[in-house]
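Each value in this text was obtained by applying a stated rule to the coordinates, not by laboratory testing. Only a predicted model underlies this, so the values are computations on that prediction, with no experimental measurement involved. With ideal geometry, Cβ positions are generated from the backbone for all residues, glycine too; neighbour counts draw on all protein chains shown.
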Amino acid sequence: MKKTVLFVCSLLVAAGVHAEMLTLDECQRLAAENYPAVSKYELIEQTTEVSVQKLNMGYVPQLKFLAQATYQSDVPTLPEFLTDMPEYDAYVQSKIGTGKGSIKQEQYDKGNYGFADPLQYRLALQLDQVIWDGGTIEAQKDVARAQGEVQKAAADVDMHALRDRVNNLFFGVLLLTERMQLLDQVEALLQANLRKLDTLYVGGLVTTADRAMLHAELLSVQQQRMQLEYSSRACKKLLGMFVGKEIDEYDGLQKPALLDVLPTESQRPELQQMEAQLRLFDAQEKLVNTSVIPNFGLYATGFFSNFGYDIFKNMFARGLRPDAQVGITLKWNISNFYTFNKTKKQIDIGRQMVNTGRETFLFNMDQLTGQNAENIAQYRAMMKKDEEIIALRTEIRQAAEVKLDNGIIDINNLLAEIQKEDKAKNDHASHEIEMLKQMYEMKNRTNN
């Protein structure tokens, strides 16, 4: 009873851990998730978002600090007809004191009044607020977003190139698996015929050399099987690095279904990249157009200086005094007209280059997909012949085995027929895998 329970439990555990076949689509999905370059998408999103946020700061009031010191070659002074009047000197003496706006005694004794100080200094804060920038900030944001789309499209191109590499490894493992299975069949045939020879050898109907010849061929097949096994392990290891899993965790690779070979419009990421580049040119042209539009803004300035807006007070009282100013500004960079047309022409040339690249790319893709279609048709035709050849080779090999069963010993002929049958089956397997590879290569080239 205890043994029965353990047996049932072992069956349940085995069923629970039963692996599944790995499909090509699953391989592509896992490879895309595991590929390090996939992190580029998030980084591009973050970069674009930060760029747009920085540009939005252009709408926020801008605060500037200014420190300035200058020496003037000429300054405002009172005219002589005022300084010669008796009332003037009486006024000056009345202003002597230590309070704010007063003339210091030392300043009066030196005659340091009646004119502005040629050594002027200022500490200022200025607040600027954009009212209308001609659409420059919005155009810059459009350019930043368009640049992000171009970078994403470039990442799509890199990710799409990964599909070809995964396809090559996947179909390589499939072909090696098919060849190993065919060698297993050959090995089974050789072992079956070797057992027949052993029986005949006991009866004295075959020589040791006949048995050795068949046994040597069996060892050769086992050696080929070993070579294929090592090659398969290497391919599986590389494929496992792409998908991020051990391929041996699965029951094997599932052979993909046949595809209908029909002409379809290409959806390659390279074309999307070119479309994104054209949208970037449109955004850049919009930004160029805003460069010749006047900008309006408000400003407010507060400062401490020894030379304020009250010129008369500047001539008598020395020292820092506060002043302020508010106003509206109009800024128009006329010099941008010098390069306006040339910059737009550069953008037009860029568009033409992208369109030319698109036409060239489509032309090359048409050539390659056309070659894929021809190869697929060729492999279909060859596979039909392979099936006929296999049927005939199997019949001939079976006839050679019947001769051996009847005591007619011709080991060389038997080995030759087994090898020819194996070659025919290998050709059929190779043509089938190559045809599938061409189908999925064509699918990848059109991205449909």
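Side notes on the structure shown:
- For residue 250, no residue has an amide H sitting under 5 Å from its own, ignoring neighbours fewer than 5 places away on the same chain, with H placed 1.01 Å from N.
- Rounded to 0.05, the FRET efficiency of the residue 378 and residue 50 pair, given R0 = 60 Å and the Cβ-Cβ distance, is 0.65.
- Backbone N under 15 Å from the residue 293 label point (7 Å along Cα→Cβ), restricted to the range 149-180: none
- From most to least packed by mean Cβ count within 10 Å, the peptides 338-346, 264-272 give 264-272, 338-346.
- ³J(HN,Hα) computed for each position of the range 26-38 - Karplus, 6.51 cos²θ - 1.76 cosθ + 1.60, integer Hz, glycine/proline x: 5, 4, 5, 5, 5, 5, 5, 6, 8, 5, x, 5, 5
- Residue-wise HN-Hα coupling along the range 431-448, computed from phi with Karplus coefficients 6.51, -1.76, 1.60 (Hz; x: Gly, Pro): 5, 5, 5, 5, 5, 4, 4, 5, 4, 6, 5, 5, 4, 5, 5, 8, 6, 10
- Label point distance in nm, residue 334-residue 123, each placed 7 Å from Cα along Cα→Cβ: 3.9 nm
- Counting 0.36 nm for each residue step from residue 229 to residue 423 and taking away their Cα separation leaves a gain of 68.0 nm.
- Across all Cα atoms of the range 152-244, the radius of gyration (one decimal) and Dmax (whole number) stand at 21.5, 77 Å.
- Phi-derived couplings, Karplus 6.51 cos²θ - 1.76 cosθ + 1.60 at θ = phi - 60°, listed residue by residue for the range 215-225: 5, 4, 5, 5, 5, 5, 5, 5, 5, 4, 4 Hz, with x used for Gly and Pro.
- Amide N proximity, the range 419-448 versus residue 266 label position 7 Å along Cα-to-Cβ, cut-off under 14 Å: 442-448
- Residues whose amide H falls under 5 Å from that of residue 293, counting only those 5 or more places apart or on a different chain, are absent, with hydrogens built in the peptide plane.
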